[in-house]
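What follows draws every value from the coordinates through simple rules; no lab data is involved. On a predicted model such as this, the values are computed, not experimentally measured, just so you know. Every residue, glycine among them, receives a Cβ derived from its backbone with ideal geometry; neighbour counts consider all protein chains shown.
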Amino acid sequence: MSPKRTILIAILIPGLALGALCLRAGTTGAIEGTVIDTAAGLPLEGVRVTIVAAASDAVRFQLATDKKGRFFKSGLYAGAYQLTFEKDGYTPQASTIRIQIDGTKSLEVRLQPAGGGPVKSDAAGPLKKAVELIAAGRYAEALPEAEAAVARDASDPFARYYRAVALERTGNGDAALEDYRKAAELKPDFILPHVRAGMILARKAEFEAAGAYFDKAIKLNDQDPATYYNYGVCLVNAGRREEAKAAFEKLLVLDPLYADGVYQLGLVELGLGNSSAAAEWLRKFVAMDPQNPNAAIASEILKSLK
């Protein structure tokens with residue numbers, strides 16, 4: 001599975017975090033969905049669905065789709081989660097979702113046949129084990145399995161991708177970046193290595209390069225709100241405010257409750273000299289998420305705009 005993307009994606013650059021998970025009684029919700037094979041247009045049974053909380057990598061759940069391609073998980077605390085969808089022979093996919101109190105989030109996921117993916121590769125044995133260990137959060141144990149998969153078939157983009165995940169989560173970001181780049185080169189329509197390469201470059205403050213990877217993921221039809229958020233943050237840091245505004249606006253179409261996106265849009269409008277629009281977005285942000293660490297900053301900005 002993919003490490004959490006906005007990190008959730010363990011976001012290490014300011015402004016990229018999705019927010020804390022509320023660990024209070026009475027704040028649970030659920031998620032339900034269906035996974036479809038894009039080529040056949042039919043439900044996919046046996047897809048591994050890994051759910052990981054934004055607030056803690058230790059809060060994770062594993063499910064499998066039934067004969068109708070469906071999955072369901074209840075008892076989730078309100079907050080942000082990343083879902084990863086994996087099945088042998090298909091290109092893995094990830095999505096960020098937000099659980100609301102007493103609500104059920106519904107989604108449809110379409111997995112693309114990999115055309116020579118993990119099952120058909122010579123690296124299938126160790127690669128399958130690496131994928132299972134990564135899904136369980138056992139990254140150090142996954143690394144030698146992923147190394148063996150790459151050694152058996154260095155041209156397999158999935159072996160490269162999962163080795164990168166294990167390397168990144170065990171602290172070797174530079175080596176992970178090289179593998180993500182190679183995976184994207186070997187399979188240009190594989191979204192996840194573009195996203196993860198962008199995250200590593202953003203942490204290195206290489207915002208133009210990071211933004212290019214996020215832009216590529218979006219052009220590949222990545223609908224994860226987190227990708228748009230991280231792309232917008234990179235554009236802001238690169239001084240491209242108008243483009244950042246468009247990215248955050250698209251994010252809020254995908255997820256109107258993404259409070260950090262509302263905050264960033266307010267700051268972008270302020271930077272563009274649109275004080276009234278900035279005030280509107282910042283007021284909305286404070287109302288949406290008064291406990292957010294940036295709420296106090298937003299309140300101070302609002303006072304200065306009066």
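Given the pairs Lys105/Lys250; Lys182/Lys250; Lys67/Lys105; Lys87/Lys245; Lys68/Lys128; Lys73/Lys250, which are separated by over 31 angstrom at their Cα positions? Long pairs (Cα-Cα over 31 Å): Lys87/Lys245.
Gyration tensor analysis over the Cα atoms of the stretch 225-289 returns equivalent ellipsoid semi-axes of 16, 15, 8 Å (largest first, whole Å). Close amide H contacts of Val109 (hydrogens built in the peptide plane, cut-off under 5 Å, sequence separation of 5 or more or a different chain): Thr34, Val35, Ile36.
Computed from backbone phi, the HN-Hα couplings of the stretch 247-255 come to 5, 5, 5, 5, 3, 6, 6, 5, 9 Hz, rounded to whole numbers (Karplus: 6.51 cos²θ - 1.76 cosθ + 1.60, θ = phi - 60°; Gly and Pro given as x). Annotation for Ser155 and Gln100: the two label points, set 7 Å from Cα along the Cα-Cβ direction, are 5.0 nm apart. Rounded to whole numbers, the Karplus 3J(HN,Hα) couplings from phi for the stretch 256-272 are x, 9, 7, 4, 5, x, 4, 4, 5, 5, x, 5, 5, 4, 5, x, 8 Hz, using 6.51 cos²θ - 1.76 cosθ + 1.60 with θ = phi - 60°, and x at Gly and Pro. Helix 295-305 axis versus longest C-alpha principal axis of the chain: approximately 40°, rounded to the nearest ten.
Comparing Gly79, Gly232, Gly261, which has the greatest mean-square fluctuation in the GNM of the chain with Cα pairs linked when under 10 Å apart? Comparing Gly79, Gly232, Gly261 in a Gaussian network model of the chain, the most mobile one is Gly79. Computed from Cα atoms, the angle from the helix 124-135 axis to the main principal axis of the chain rounds to 30 degrees. Relative to the longest principal axis of the Cα atoms of the chain, the long axis of helix 207-219 lies at roughly 70 degrees. Dipole check for the chain: with +1 at the C-beta of Lys and Arg, -1 at the C-beta of Asp and Glu, and the Cα centre as origin, the magnitude is about 400 Debye. Where the alpha-carbon atoms of the chain are placed on the principal axes, they occupy 65, 41, 35 Å, in descending order. Taking amide H as placed 1.01 Å from N in the peptide plane, the amide H of Ala114 sits under 5 Å from that of Tyr90, Thr91, each at least 5 places away or on another chain.
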